[in-house]
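Chemist: Below you will find the structure I want to go over with you.
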Amino acid sequence: MTTSPLDRAADSFAAELARHRTGRGLSKKQLATLMGFDPSYVSHVEGRRHRPTEDFARRAEAVLEASGAIWQRFKEYDELRHARAERAHREPPLPGQWMPPGTGLIVERELATLTHLDDAYRCVIRRELYNAGTEPVTRYLVRVAVDRYPNDPGRSNRHHREHPLTFAELRLRAYREDAGEREAMHWRAKHDRDAFKEIWLLFENGDRRFPLYPGDRATIEYAYSVGHDKWGPWFQRAVRLPTRQMAVRLDLPAALDPQVWGAETSLSAEEGPLRTPVHRHDDGDRVIFDWATDDPPLNARYRLQWRFRARPDAEPEETGRVRPSDRMRGIGIVQRGADLLRQPARPFDLPREEQAAREAVDRLSAALGRLDELHPFSKGVGIAAPQLGLGRAVAVVRPPDRSAEPVVLLNPRVVDTSPDTDEQYEGCLSFFDHRGLVPRPLRIDVEHAQYDGSRIITSFEFGMARLVAHEIDHLEGRLYVDRMAPGVPLVPVEEYRETGHPWRY
């Protein structure tokens, strides 16, 4: 069964509404009271039984303070609802009125420039801001993330543990520009990790404070440097606030003969090539690559990557040519798109097929050993037979505790689950370029076979319940993306920051 783009847009609106409502800890009845609607109407909208209206979307945006996310989903739905001919005659929105009042901070234009210098990369970000909210803005959150080997997370994590990024080397500077005047902005660290920093830029300095008041505009600029030893061949921009235009510029040495390409992901689409081309022009001994997009959707991510063709001795990770999925494919892991991953696995006839079952388990166990050389699996790891090209119902799961024995699941089936669930990020050996937020029960009871044909029931909790459920899904022809909530985006592995950390309960 297929759905129309209009249906999918309505589903995305409902999912966004539910996400922000639950994030605020509100029931549907409480939200309805705050919005001035009947509780049943809110329930019908979330349940996709009623389509959203403009008044409903505006009130939900204002009450839930969703930074424009709910309103953006409504705009996408509303544009599809109107005929193309009608849309063509609509008047363009007035400047400063393209989002509803109360939206909050808006980025009217962003220009991010990355320059390759002799000893480092220098990044300069300029953002033209408009305060469409009702309160003065006194600080602005920015993020700096590095990933030396983006196609090898384990190696990159080890590298940054040994060579952490420091605030001292960033040499961060920030300014506010308004009516031709330039004011230095103080800053304060929020998070300080080996490869990731979050920083508050303050609308103040030692001389005075200069908040961005409702209805006012200002341009902020901040710049920082990162050495070549910590910066991989990629530059990513994420849309975290409503944005009218985003532009990226790469300034690279012509002598290195750079080649640049890009990819994008959004709430409505998995990773694909940039929808608009990257433009190149030569400028003496430099090569400039420019790319831009208008009205990017919230939570979209745009990544430019490059390799230097004049460096034949460079490692594959430095050229950006090897993705995590390629490394998995290289050790024999079947990748997403293969028909076998969508087919239910065939059970073993035990004890008659005991020898075949043991051989399959040996193959799975050997593959787990090879995986340890490629990636740190601190959360534990599992592998199912279809991922090695075997259409048989067997999986092996290794717990997070390395001293514990791996769990062998022969002909498993889930016979009971806890009503309590949680959402955590999962990865998949057959889909290793991304991570996804997946709801799972906190406990599952699994009936599975022994080699002699007898069957037992084992109860698994928390992280092991998640691992086992993931592998049983493989044996039933499912991937974790099938269980994700509508509209929830996948996270590129380059953006995922929990590698090397266990799940939290």
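Chemist: Would you be able to tell me the number of residues in the stretch 348-379 that are in contact with a strand residue (DSSP E or B) (Cβ under 8 Å, 6 or more places away or on another chain) and either at pLDDT below 90 or surrounded by fewer than 17 Cβ atoms within 10 Å (Cβ to Cβ) (or both)? Write out each step before concluding.
Modeler: Within the stretch 348-379, the first condition is being in contact with a strand residue (DSSP E or B) (Cβ under 8 Å, 6 or more places away or on another chain), and the residues that meet it are 348, 350, 356-357, 360-361, 364-365, 367-368, 371, 377.
Now restrict to residues that are either at pLDDT below 90 or surrounded by fewer than 17 Cβ atoms within 10 Å (Cβ to Cβ) (or both): 356, 365, 367-368, 371, 377.
So the count comes out to 6.
Chemist: Return yes or no: is residue 472 part of a strand (DSSP E or B), touching a strand residue (DSSP E or B) at 6+ places or on another chain (Cβ under 7 Å) and aliphatic (A, V, I, L, M)?
Modeler: So residue 472 fails the test.
Chemist: Within the stretch 193-203, identify whether any single residue is under 20 Å from residue 128 (Cβ atoms), surrounded by 13 or more Cβ atoms within 10 Å (Cβ to Cβ) and in contact with a His (Cβ under 7 Å, 6 or more places away or on another chain), and answer yes or no.
Modeler: Keep residues of the stretch 193-203 that are under 20 Å from residue 128 (Cβ atoms), which gives 199-203.
After this cut, where a residue has to be surrounded by 13 or more Cβ atoms within 10 Å (Cβ to Cβ) as well, the list is 199-203.
Within this subset, residues satisfying the condition of being in contact with a His (Cβ under 7 Å, 6 or more places away or on another chain) are 202.
Scanning the stretch 193-203, I find at least one residue that is under 20 Å from residue 128 (Cβ atoms), surrounded by 13 or more Cβ atoms within 10 Å (Cβ to Cβ) and in contact with a His (Cβ under 7 Å, 6 or more places away or on another chain), so the answer is yes.
Chemist: Given the conditions (1) in contact (Cβ under 8 Å) with a residue 40 or more places away in the chain; (2) closer than 14 Å to residue 470 by Cα; (3) crowded, with 21+ Cβ neighbours inside 10 Å, report the number of the one that residue 399 does not fulfil.
Modeler: Residue 399 satisfies all of (1) in contact (Cβ under 8 Å) with a residue 40 or more places away in the chain; (2) closer than 14 Å to residue 470 by Cα; (3) crowded, with 21+ Cβ neighbours inside 10 Å except (3).
Chemist: Residues in the stretch 363-382: is at least one over 21 Å from residue 427 (Cα atoms) and of a type in the set (S, T, N, Q)?
Modeler: No, the conditions are met nowhere in the stretch 363-382.
Chemist: Scan the stretch 322-367 for residues that are in a helix (DSSP H, G or I), over 30 Å from residue 234 (Cα atoms) and not small (Gly, Ala, Ser) and report the count.
Modeler: 12
Chemist: So, one more: Output the number of residues of the stretch 191-206 satisfying the condition of being over 18 Å from residue 137 (Cα atoms) and of a type in the set (A, V, I, L, M, F, W, C).
Modeler: Residues in the stretch 191-206 being over 18 Å from residue 137 (Cα atoms) and of a type in the set (A, V, I, L, M, F, W, C): 2 in total.
Chemist: A further question follows. Looking only at the stretch 369-404, which residues are of a type in the set (A, V, I, L, M, F, W, C), in a helix (DSSP H, G or I) and more than 16 Å from residue 474 (Cα to Cα)?
Modeler: Residue satisfying the conditions is 371 alone.
Chemist: Could you say whether any residue in the stretch 133-150 is of a type in the set (Gly, Ala, Ser) and either in a helix (DSSP H, G or I) or surrounded by fewer than 19 Cβ atoms within 10 Å (Cβ to Cβ) (or both)?
Modeler: Looking only at the stretch 133-150, we keep the residues that are of a type in the set (Gly, Ala, Ser), and these are 133, 145.
Going one step further and asking which of them are either in a helix (DSSP H, G or I) or surrounded by fewer than 19 Cβ atoms within 10 Å (Cβ to Cβ) (or both), we end up with 145.
Yes, that holds for at least one residue.
Chemist: Name every residue in the stretch 273-292 that is charged (D, E, K, R), out of contact with any Ser or Thr (no Cβ under 9 Å at 6 or more places or on another chain) and part of a strand (DSSP E or B), in order of residue number. Full working, then the answer.
Modeler: Our first condition is that a residue be charged (D, E, K, R); within the stretch 273-292, this holds for 275, 280, 282-283, 285-286, 290.
Then drop every residue that is not out of contact with any Ser or Thr (no Cβ under 9 Å at 6 or more places or on another chain), which leaves 280, 282-283, 285, 290.
Listed by number, the residues that qualify are 280, 282, 283, 290.
Chemist: Next question, about the same structure. Out of the stretch 437-468, which residues are buried (at least 22 other Cβ atoms within 10 Å of the Cβ) and either under 22 Å from the mean Cα position of the chain (by Cα) or not assigned by TED's automatic domain parsing to the domain that holds residue 488 (or both)?
Modeler: Within the stretch 437-468, 438, 440, 466, 467 meet the criteria.
Chemist: Additional query: For the stretch 196-241, which residues satisfy the criterion of being free of Cβ contacts under 8 Å to residues at least 60 places away in the same chain, outside any strand (DSSP E or B) and of a type in the set (A, V, I, L, M, F, W, C)?
Modeler: Across the stretch 196-241, the qualifying residue is only 210.
Chemist: Kindly indicate the residue of the stretch 252-271 that is among the charged types (D, E, K, R) and surrounded by fewer than 18 Cβ atoms within 10 Å (Cβ to Cβ) and also modelled with the lowest pLDDT among those meeting that condition. Steps first, answer last, please.
Modeler: We begin by selecting, within the stretch 252-271, every residue among the charged types (D, E, K, R); these are 257, 264, 270-271.
From what's left, surrounded by fewer than 18 Cβ atoms within 10 Å (Cβ to Cβ): 257, 270-271.
Working: 257: 88, 270: 65, 271: 70.
Result: 270.
Chemist: Could you please tell me which pairs satisfy a Cβ distance under 7 Å, a separation of 6+ or placement on different chains, a first residue in the stretch 102-123 that is farther than 16 Å from residue 304 by Cα, and a second residue that is among the aromatic types (Phe, Trp, Tyr) and part of a strand (DSSP E or B)?
Modeler: As it stands, the answer is 106/130; 108/130, since those pairs meet every condition given.
Chemist: Looking at the stretch 19-40, is at least one residue part of a helix (DSSP H, G or I), among the small types (Gly, Ala, Ser), at pLDDT 85 or above and under 23 Å from the mean Cα position of the chain (by Cα)?
Modeler: Here is the first cut: in the stretch 19-40, the ones part of a helix (DSSP H, G or I) are 19-23, 28-35, 39-40.
Restricting the remaining residues to those that are among the small types (Gly, Ala, Ser) gives 23, 32, 40.
Going one step further and asking which of them are at pLDDT 85 or above, we end up with none.
Looking through the stretch 19-40, none of the residues is part of a helix (DSSP H, G or I), among the small types (Gly, Ala, Ser), at pLDDT 85 or above and under 23 Å from the mean Cα position of the chain (by Cα).
Chemist: Also, quick follow-up: Taking only pairs six or more apart or across chains, which ones have beta-carbon atoms under 6 Å, a first residue in the stretch 142-154 that is assigned by TED's automatic domain parsing to the domain that holds residue 127, and a second residue that is polar (S, T, N, Q)?
Modeler: 147/156; 148/156; 149/156; 153/499
Chemist: Filter the stretch 153-188 down to residues that are under 23 Å from the mean Cα position of the chain (by Cα) and within 27 Å of residue 205 (Cα to Cα), then give me how many there are.
Modeler: 1
Chemist: I need the full set of residues from the stretch 332-343 which are loosely packed, with under 15 Cβ neighbours inside 10 Å and either under 30 Å from residue 149 (Cα atoms) or in contact with a Leu (Cβ under 7 Å, 6 or more places away or on another chain) (or both), in order please. Please lay out each step first, then the result.
Modeler: Of the stretch 332-343, the ones loosely packed, with under 15 Cβ neighbours inside 10 Å are 332, 337-339, 342-343.
Residues satisfying the conditions are 332, 337, 338.
Chemist: Filter the stretch 158-173 for residues that are outside any helix (DSSP H, G or I) and touching a strand residue (DSSP E or B) at 6+ places or on another chain (Cβ under 6 Å) and give the result.
Modeler: We begin by selecting, within the stretch 158-173, every residue outside any helix (DSSP H, G or I); these are 163-166, 171-173.
Once the filter is applied, which keeps residues that are outside any helix (DSSP H, G or I) and touching a strand residue (DSSP E or B) at 6+ places or on another chain (Cβ under 6 Å), the stretch 158-173 yields 171, 172, 173.
Chemist: Next question. Say we look at the stretch 293-308 and pick out the residues that are in a loop (DSSP other than H, G, I, E, B) and not aliphatic (A, V, I, L, M); which of these is farthest from the chain's Cα centre (by Cα)?
Modeler: Of the stretch 293-308, the ones in a loop (DSSP other than H, G, I, E, B) are 295-300.
Restricting the remaining residues to those that are not aliphatic (A, V, I, L, M) gives 295-297, 299.
On the way: 295: 19, 296: 16, 297: 14, 299: 8 Å.
Per the stated criteria, the residue is 295.
The values are calculated or read from the model by the stated rules, or taken from the named source; none is laboratory data. Keep in mind that this is a model prediction, so the values were computed, not measured. With ideal geometry, Cβ positions are generated from the backbone for all residues, glycine too; neighbour counts draw on all protein chains shown.
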